[in-house]
Amino acid sequence: MKKGKWIIAIMVLICSVSLFAQGSGEASDSGKTTITVFHYMTQNSKQAGLEAVEAEFMALHPEVEFENIVYSQGTDYFPQLTTAINSGDVPEIIMGNPSLYPELIENGIVMDITGDSAIEELGLSAADLGDCSFQGRVYAYPLDYKTWGVFYNTKVFEELGLEIPTTATELEEVSKAIEAAGYDVWADWYSDGASVDIQTRPIIWTAGIMNGDTDLFEQLMNGTPITDYPYIQEALDDWARRLQFNRPDALSNSQDQAIELFVSGVCPMMYMGSWAIGDIEAKAAGNPGFSYGFFLCPATEDPADTILQIQVDDAFMVNPNSPNADIAQEFMRYWITEGGLTWTEVSSQPLISGQSSDSLPQVVRDIAAIKQAGEYVGYGQYTMAYTSEYTSAWRRGLTEWAENIITGGSVTSDQQIARIQQLFDDIRALN
Amino acid sequence: MGNIDLSLSRRKRERRKLIINMLYIAPALIFLLGVVIIPFLQAIPYSFTNWRSLLSDKREWVGFSNYATLIKNERFLITVRNTFAYTVPYIIITNVIGLGLALLVKRGNTFNNFGRTIFFLPFTVSTVASAIVWNYVFVDIYSAITGNISPFGLSNQVIAGMVVVGTWRDMGYCMLIFIAGLLAIPDDYYEAAMIEGAGVFYRFIHITLPLIVPAFTSNVTLLLAWGLKLFDLPMAIARNMQAAETVTMFVYDNIFSYSRAGFGQAAAILFTIVLLILTRVITWLFRRKEVEL
């Protein structure tokens with residue numbers, strides 16, 4: 001009996017120690033080379049697109065297999081990536097625009113791919129290339145781009161005899177007509193920071209480029225007062241005109257809930273990014289009576305100000321320290337060239353290369369056509385992007401602004417600008 | 001001589017018993033050391049450095065300056081206020097409802113067993129899933145009936161909304177602890193009190209409550225820790241709202257997103273110390289009220 005107690009106690013100890021030992025084990029039983037893709041494409045359509053391209057590549061390279069790890073960019077993507085890197089588990093392919101993740105570059109975790117032949121073949125503009133660069137060097141393979149604007153229910157517009165608005169006042173008239181017909185006007189979603197941010201871009205991004213303020217974000221982070229750029233306040237005022245027609249649940253809605261409201265026909269207009277086209281298509285498949293179109297949001301009284309704004313969306317960096325870096329690089333080259341068509345057809349994202357397909361939704365082809373005509377401003381034209389902390393403060397200030405307008409608050413746009421300035425100043429005080 | 005032999009063999013037996021006991025607690029101890037205590041102790045020195053990026057090894061000793069900045073930092077103080085604004089009502093309401101449910105279903109019969117399962121079910125749902133469910137409840141039911149905006153979208157109500165979700169999720173757990181406490185009370189006490197003419201309310205105040213204090217100790221301590229560590233719920237429903245930002249979010253953002261690892265560590269260490277002290281004080285207060293059966 002006594003002997004039994006000893007044996008049990010020792011076995012329990014061994015098991016507990018082996019628990020820790022198990023944690024560090026990793027091996028591919030198949031004997032294939034595993035390429036880990038660390039990304040934040042939470043949309044089903046994009047994940048399907050990635051898997052489709054991987055399947056094509058694996059057919060060409062049977063010795064390769066993929067492991068896809070996905071986290072939400074707004075919450076845990078970078079922390080999880082940092083944890084993986086610190087534990088020595090650095091993935092081969094890392095999603096992200098280099099300017100958002102300078103630490104990866106400074107610590108030699110991503111490859112300098114300046115002059116890569118596959119990227120040069122794409123013939124990108126300086127703006128597009130700027131989005132996958134940091135301090136003049138290229139670090140990411142760009143795949144597609146995103147834009148934002150108004151998705152609208154074409155049947156409701158036809159039924160009410162509405163035209164696509166070309167000025168902010170016309171958009172307000174359209175909103176009033178929709179409201180008078182008994183519809184809720186906008187399907188919006190402000191529980192996510194990206195949604196409030198894109199509402200102000202029609203004015204800020206375009207005015208910044210047009211006024212030659214390509215160092216706008218850099219200057220704001222360096223302490224230049226926001227009031228030195230009056231168009232930022234104008235952007236808040238413009239957004240307030242649309243906010244008057246929001247459903248109250250916009251403040252707590254998620255992107256998915258907004259898409260549901262739009263596709264189900266409750267709200268004939270939705271301000272959204274092109275990244276959601278795949279999800280709109282998927283939800284629309286269950287509602288055959290629904291059809292939609294897209295127009296750029298007019299934010300001023302001059303139709304010439306309404307310009308397509310684009311930002312490289314899905315871009316991927318390669319870890320040079322991995323023994324499989326060459327295969328990872330080959331996969332990325334494949335993805336942005338031969339694999340591009342598969343990607344765009346499955347994910348419904350417009351390719352940065354301009355390549356298009358007849359099987360794409362009309363909206364994607366329309367956006368691609370505008371970009372091909374060269375009538376756009378790109379985020380890559382700016383010298384620097386907001387850091388995570390400034391992005392977070394900016395979005396917090398905008399969320400407060402949305403709540404203020406929707407709940408009938410008394411804060412004016414200049415007061416809100418002062419509030420955002422305070423948030424920026426607090427960051428500088430800590431740095 | 002015989003006595004010395006006896007004493008030696010007893011000491012040997014005790015030592016062997018001690019070793020066996022140590023081996024039994026070793027798994028838990030190793031786990032606790034490896035996952036909690038050693039990382040926590042390792043983190044303390046970092047809080048005295050200007051370490052920025054977790055990916056970099058560059059850091060210099062800055063003494064207590066992180067702590068000094070922290071206690072003057074308005075954003076940190078707001079997150080402390082938000083965290084307590086959530087935790088206090090969450091502990092009280094969850095315990096009150098948990099106790100009410102326990103009294104309702106403490107007797108074991110088919111109906112009550114079904115009730116226990118139903119009430120406990122939310123505890124098995126992840127916090128993020130709970131947040132999604134309640135977002136729909138607030139928008140599609142609460143807003144539709146009252147015409148009011150969902151509390152998740154309003155700065156002055158978002159904490160109350162989170163308390164509702166936290167209570168809904170954890171009341172079943174509290175109920176189970178209270179049921180265990182209630183069932184441990186001998187019926188004799190109630191029978192004697194009834195003979196003396198004590199009513200339901202009197203019996204509850206003077207018999208039930210004092211005898212279930214250990215259950216309160218357990219529930220309050222646990223809910224205090226869960227409340228103060230609140231993270232995933234506000235992350236899921238109000239990532240951009242300062243009124244919903246908690247201390248753990250502040251720590252997380254500074255360490256991971258804002259490249260202020262040393263500063264974030266200081267916030268984490270400071271708050272852990274607060275948590276330990278509060279837990280100790282509350283446990284001590286409740287232990288004083290505990291009654292031996």
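Taking the conditions (1) out of contact with any Cys (no Cβ under 7 Å at 6 or more places or on another chain); (2) away from chain B (no Cβ under 14 Å); (3) more than 15 Å from A:Ala315 (Cα to Cα) in turn, A:Gly149 satisfies each one other than (1). Scanning region A:381-400 turns up one or more residues that are assigned to a helix (DSSP H, G or I), open to solvent by 10 Å² or more (accessible area, probe 1.4 Å), more than 14 Å from every other protein chain (Cβ to nearest Cβ) and out of contact with any Asp or Glu (no Cβ under 6 Å at 6 or more places or on another chain). Does B:Gly147 satisfy the criteria of being on the phi > 0 side of the Ramachandran plot and surrounded by fewer than 20 Cβ atoms within 10 Å (Cβ to Cβ)? It is true that B:Gly147 is on the phi > 0 side of the Ramachandran plot and surrounded by fewer than 20 Cβ atoms within 10 Å (Cβ to Cβ). The residues listed here are A:Tyr271, A:Tyr229; of these, the one that is of a type in the set (Phe, Trp, Tyr), out of contact with any Cys (no Cβ under 7 Å at 6 or more places or on another chain) and assigned by TED's automatic domain parsing to the domain that holds A:Glu389 is A:Tyr229.
Residues satisfying the criterion are absent from region A:256-264 (criterion: among the hydroxyl-bearing types (Ser, Thr, Tyr), over 22 Å from the mean Cα position of the chain (by Cα) and more than 14 Å from chain B (Cβ to nearest Cβ)). Being part of a helix (DSSP H, G or I) and within 12 Å of chain A (Cβ to nearest Cβ) is not true of B:Val163. Can you say whether A:Asn324 is buried (at least 21 other Cβ atoms within 10 Å of the Cβ), within 27 Å of A:Lys32 (Cα to Cα) and either assigned by TED's automatic domain parsing to the domain that holds A:Val37 or over 21 Å from the mean Cα position of the chain (by Cα) (or both), as far as the supplied structure shows? It is false that A:Asn324 is buried (at least 21 other Cβ atoms within 10 Å of the Cβ), within 27 Å of A:Lys32 (Cα to Cα) and either assigned by TED's automatic domain parsing to the domain that holds A:Val37 or over 21 Å from the mean Cα position of the chain (by Cα) (or both). Would you please name the residue that is nearest to the chain's Cα centre (by Cα), looking only at residues in region A:327-347 that are of a type in the set (S, T, N, Q) and open to solvent by less than 10 Å² (accessible area, probe 1.4 Å)? Once the filter is applied, the top-ranked residue is A:Ser347. Given the criteria surrounded by fewer than 22 Cβ atoms within 10 Å (Cβ to Cβ) and among the basic types (Lys, Arg), does A:Arg242 qualify? The answer is no for A:Arg242.
Would you confirm whether any residue within region A:266-276 is touching a Phe, Trp or Tyr at 6+ places or on another chain (Cβ under 7 Å), surrounded by 15 or more Cβ atoms within 10 Å (Cβ to Cβ) and within 14 Å of chain B (Cβ to nearest Cβ)? Checked against the condition, which is being touching a Phe, Trp or Tyr at 6+ places or on another chain (Cβ under 7 Å), surrounded by 15 or more Cβ atoms within 10 Å (Cβ to Cβ) and within 14 Å of chain B (Cβ to nearest Cβ), region A:266-276 yields at least one hit. The single condition among (1) modelled with pLDDT of 95 or more; (2) in contact with a Ser or Thr (Cβ under 8 Å, 6 or more places away or on another chain); (3) not charged (D, E, K, R) that B:Ala236 does not meet is (1).
Results for (1) modelled with pLDDT of 95 or more; (2) open to solvent by less than 40 Å² (accessible area, probe 1.4 Å); (3) of a type in the set (Val, Ile, Thr); (4) on the phi < 0 side of the Ramachandran plot, shown as yes or no for each residue.
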| position | (1), (2), (3), (4) |
| --- | --- |
| B:Val88 | yes, no, yes, yes |
| B:Phe114 | no, no, no, yes |
| B:Phe120 | yes, no, no, yes |
| B:Val133 | no, no, yes, yes |
| B:Tyr136 | no, no, no, yes |
| B:Tyr142 | no, no, no, yes |
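Residue by residue, here is whether (1) more than 14 Å from A:Gln311 (Cα to Cα); (2) touching a helix residue (DSSP H, G or I) at 6+ places or on another chain (Cβ under 6 Å); (3) assigned by TED's automatic domain parsing to the domain that holds A:Leu124 holds:
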| position | (1), (2), (3) |
| --- | --- |
| A:Leu360 | yes, no, no |
| A:Arg365 | yes, no, no |
| A:Ala368 | no, no, no |
| A:Glu375 | no, no, no |
| A:Tyr390 | yes, yes, no |
| A:Ala393 | yes, yes, no |
| A:Thr399 | yes, yes, no |
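Selection of region A:105-122 for residues being closer than 17 Å to A:Glu92 by Cβ and more than 24 Å from the chain's Cα centre (by Cα) yields A:Asn107, A:Gly108, A:Asp116. In region B:280-293, the residue that is modelled with the highest pLDDT out of those that are exposed (fewer than 11 other Cβ atoms within 10 Å of the Cβ) and charged (D, E, K, R) is B:Arg288. In summary, strands (runs of 3 or more DSSP E) completely within region A:214-329 and bearing 1 or more residues that are more than 30 Å from A:Ala393 (Cβ to Cβ), in contact (Cβ under 8 Å) with a residue 12 or more places away in the chain and of a type outside the set (Phe, Trp, Tyr) occur at A:292-295, A:315-318.
Being within 30 Å of A:Asn253 (Cα to Cα) and free of Cβ contacts under 8 Å to residues at least 12 places away in the same chain holds for only one residue in A:Arg396, A:Arg365, and it is A:Arg365.
Kindly check whether there is at least one residue in region A:310-319 that is open to solvent by 10 Å² or more (accessible area, probe 1.4 Å) and closer than 20 Å to A:Met41 by Cβ.
The answer is yes; a qualifying residue exists.
Inspect all residues belonging to region A:408-427 and state whether any of them is over 24 Å from B:Tyr258 (Cα atoms) and facing chain B (nearest Cβ under 9 Å). There is no residue in region A:408-427 that is over 24 Å from B:Tyr258 (Cα atoms) and facing chain B (nearest Cβ under 9 Å). If we scan region B:270-279, do we find a residue that is more than 10 Å from chain A (Cβ to nearest Cβ), modelled with pLDDT under 95 and farther than 30 Å from B:Asn50 by Cβ? Checked region B:270-279: at least one residue is more than 10 Å from chain A (Cβ to nearest Cβ), modelled with pLDDT under 95 and farther than 30 Å from B:Asn50 by Cβ. Given the structure, is A:Phe38 open to solvent by less than 30 Å² (accessible area, probe 1.4 Å) and modelled with pLDDT of 95 or more? When the stated conditions are applied, A:Phe38 passes them. For region B:237-259, a tally of residues being touching a residue at least 12 places away in the same chain (Cβ under 8 Å) and either farther than 20 Å from B:Phe138 by Cα or among the acidic types (Asp, Glu) (or both) returns 13. Among the numbered criteria (1) modelled with pLDDT of 95 or more; (2) in contact with an Asp or Glu (Cβ under 6 Å, 6 or more places away or on another chain), which one does A:Tyr292 miss? For A:Tyr292, the exception is condition (2). Within region A:268-323, the residues that satisfy the criterion of being among the polar types (S, T, N, Q) and within 24 Å of A:Val196 (Cβ to Cβ) are A:Ser274, A:Thr300, A:Thr306, A:Gln309, A:Gln311.
Selection of region B:39-71 for residues being farther than 21 Å from A:Asp426 by Cβ and in contact with a strand residue (DSSP E or B) (Cβ under 8 Å, 6 or more places away or on another chain) yields B:Phe48, B:Thr49, B:Arg59, B:Glu60, B:Trp61.
For region B:204-232, filtering for residues that are within 12 Å of chain A (Cβ to nearest Cβ) and either in contact with a Leu (Cβ under 7 Å, 6 or more places away or on another chain) or in contact (Cβ under 8 Å) with a residue 40 or more places away in the chain (or both) leaves 1. Among the residues of region B:239-263, those that are open to solvent by less than 10 Å² (accessible area, probe 1.4 Å), more than 11 Å from chain A (Cβ to nearest Cβ) and within 22 Å of the chain's Cα centre (by Cα) comprise B:Thr246, B:Val247, B:Phe250.
The values are calculated or read from the model by the stated rules, or taken from the named source; none is laboratory data. Just so you know, these numbers come straight off a predicted model, no measurement behind them. Every residue, glycine as well, gets a Cβ built from its backbone with ideal geometry; the counts of neighbours run over all protein chains shown. To get the accessible areas, we keep the full protein, side chains included, count just its heavy atoms, and leave off ligands, DNA and RNA. Shrake-Rupley method; radii C 1.70, N 1.55, O 1.52, S 1.80 Å.
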